[in-house]
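Beneath this line is the structure, given in structure tokens, with notes to follow.
The values are calculated or read from the model by the stated rules, or taken from the named source; none is laboratory data. Values in this document were obtained by computation on a predicted structure and should not be read as measured data. Glycine gets a Cβ as well: all are built from the backbone with ideal geometry, and neighbour counts include every protein chain shown.
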Amino acid sequence: MLSSFIKRFFILSVSLLFLACAGEKGGDAFTLLLTGDVLLDRGVRPIVEAKGVEYLFEGVADDFARADAVVINLECPFADTLAPIGKQYIFHADTRWAAGLRAAGVTHACMANNHTNDQSRRGLRSTAQALEAAGIVPVGYGTSLAQQAQPTLIRKGDITVALFNSVTFPLENWVPSDSLPDVCQLSAEALAARIRSYKTAHPNHVVIAVLHWGMEFQQTPSMRQRLGAAALVSAGCDAVVGHHPHVVQSLETFSNDSIPVFYSLGNFVFDQTPPQTRQALMAEITLRPAEDGSGHPVSLSARAIPVNLRHCRPRHTPR
């Protein structure tokens with residue numbers, strides 16, 4: 001079962017890479033690596049306390065080093081002063097551990113999920129502050145809806161990536177705010193409307209939407225996810241990457257197999273033990289200046305990199 005699972009994703013990723021790279025010649029590659037959920041609490045906490053944050057990522061160090069930007073989904077707030085809200089699962093990490101993430105190679109942390117608010121708005125603010133102090137860019141966070149839904153720009157040479165991040169379902173015991181620290185909570189369709197406007201104003205920017213969505217432990221994307229992905233692609237997204245289910249969901253391509261949609265990458269650093277929660281993916285997206293006469297300034301290739309979690313730690317799975 002596992003071998004066929006990895007083989008399926010390997011075939012898909014090779015197909016994507018071949019189709020997207022056709023006609024590419026020269027130019028400096030711009031590589032982004034995106035991961036699933038990173039938890040630094042509960043069963044992971046003793047490991048960090050004993051061996052440090054960097055130890056968690058040793059099995060993917062080469063992958064991180066190869067990328068120009070590494071984007072994780074941070075599944076816990078950085079908070080030294082606790083102010084937990086009322087919910088079933090409540091996490092937190094020490095603020096000093098943010099520096100360990102940066103030392104491991106993380107450059108960007110998506111905050112729009114259902115756990116960065118575990119320690120209330122105070123925790124959200126301290127999370128953003130800890131990330132920024134460590135040199136990591138928080139994504140999907142702000143003190144107004146305009147800030148929360150604003151893309152984070154990542155540049156290399158003449159290529160600009162606009163990274164949007166949103167959690168698409170209501171958060172437990174939480175009221176969204178347009179004037180206090182919060183994360184983006186737009187539906188895929190509402191985010192698509194903003195992306196359409198952005199793409200009209202910036203047609204040469206590469207747009208990537210990172211969504212916290214779907215049903216936990218469901219290995220098949222829901223119809224809502226599929227419709228949302230279609231809306232995002234129609235609005236101008238060049239790639240869609242998802243997480244939240246804690247398991248891998250399928251990879252699909254749109255627009256003549258040129259636009260990848262990773263419905264769920266699964267976990268990345270996590271303490272869950274069921275076998276399906278310990279198989280994951282990294283999404284590697286490589287951009288190059290296009291020289292194929294297509295009229296598109298940037299060509300995109302994508303591949304799914306299989307990952308196995310052992311004792312909460314990700315390891316690049318040999319093919």
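Here are some notes:
- Per the conditions (1) farther than 21 Å from Gln219 by Cβ; (2) over 17 Å from the mean Cα position of the chain (by Cα); (3) at pLDDT 95 or above, the sole criterion not satisfied by His296 is (3).
- Checklist (1) surrounded by 22 or more Cβ atoms within 10 Å (Cβ to Cβ); (2) within 14 Å of the chain's Cα centre (by Cα); (3) not aromatic (Phe, Trp, Tyr) applied to Thr127, failing item: (2)
- Unique match (being more than 21 Å from the chain's Cα centre (by Cα) and at pLDDT 95 or above) among Ala79, Ala112, Ala99, Ala133: Ala79
- Every pair of residues 6+ apart whose Cβ atoms lie under 9 Å, when the first sits in segment 212-224 and is closer than 14 Å to Ala188 by Cβ and among the charged types (D, E, K, R) while the second is modelled with pLDDT of 95 or more and crowded, with 21+ Cβ neighbours inside 10 Å: Arg224/Thr168; Arg224/Ala188; Arg224/Trp213; Arg224/Gly214
- The residues of segment 29-56 that are in contact with a strand residue (DSSP E or B) (Cβ under 7 Å, 6 or more places away or on another chain) and not in a strand (DSSP E or B), listed by number, are Ala29, Leu39, Leu40, Asp41, Val44, Leu56.
- Any chance His296 is outside any strand (DSSP E or B), touching an Asp or Glu at 6+ places or on another chain (Cβ under 8 Å) and either in contact (Cβ under 8 Å) with a residue 60 or more places away in the chain or over 25 Å from Glu75 (Cα atoms) (or both): no
- Taken over segment 140-181, the criterion of being hydrophobic (A, V, I, L, M, F, W, C), over 18 Å from Ala229 (Cα atoms), touching a Lys or Arg at 6+ places or on another chain (Cβ under 9 Å) and free of Cβ contacts under 8 Å to residues at least 60 places away in the same chain is satisfied by Leu171, Leu180.
- Which listed residue, of Thr253, Thr277, is within 19 Å of Asn73 (Cα to Cα), surrounded by fewer than 22 Cβ atoms within 10 Å (Cβ to Cβ) and among the β-branched types (Val, Ile, Thr): Thr277
- If you go through segment 172-194 and keep only what is hydrophobic (A, V, I, L, M, F, W, C) and surrounded by fewer than 20 Cβ atoms within 10 Å (Cβ to Cβ), you end up with Trp174, Val175, Leu180, Ala190, Ala193.
- Evaluated against (1) at pLDDT 95 or above; (2) hydrophobic (A, V, I, L, M, F, W, C); (3) surrounded by fewer than 21 Cβ atoms within 10 Å (Cβ to Cβ), Met282 falls short on exactly one condition, (3).
- Check on Arg288, outside any loop (DSSP other than H, G, I, E, B) and either modelled with pLDDT under 95 or surrounded by fewer than 24 Cβ atoms within 10 Å (Cβ to Cβ) (or both): yes
- Failed condition for Val137, given (1) buried (at least 20 other Cβ atoms within 10 Å of the Cβ); (2) in contact with a helix residue (DSSP H, G or I) (Cβ under 8 Å, 6 or more places away or on another chain); (3) of a type outside the set (Gly, Ala, Ser): (1)
- The criterion of at least 1 residues that are of a type in the set (Phe, Trp, Tyr) and in contact with a Leu (Cβ under 6 Å, 6 or more places away or on another chain) is met by none of the helices (runs of 4 or more DSSP H) falling completely within segment 70-174.
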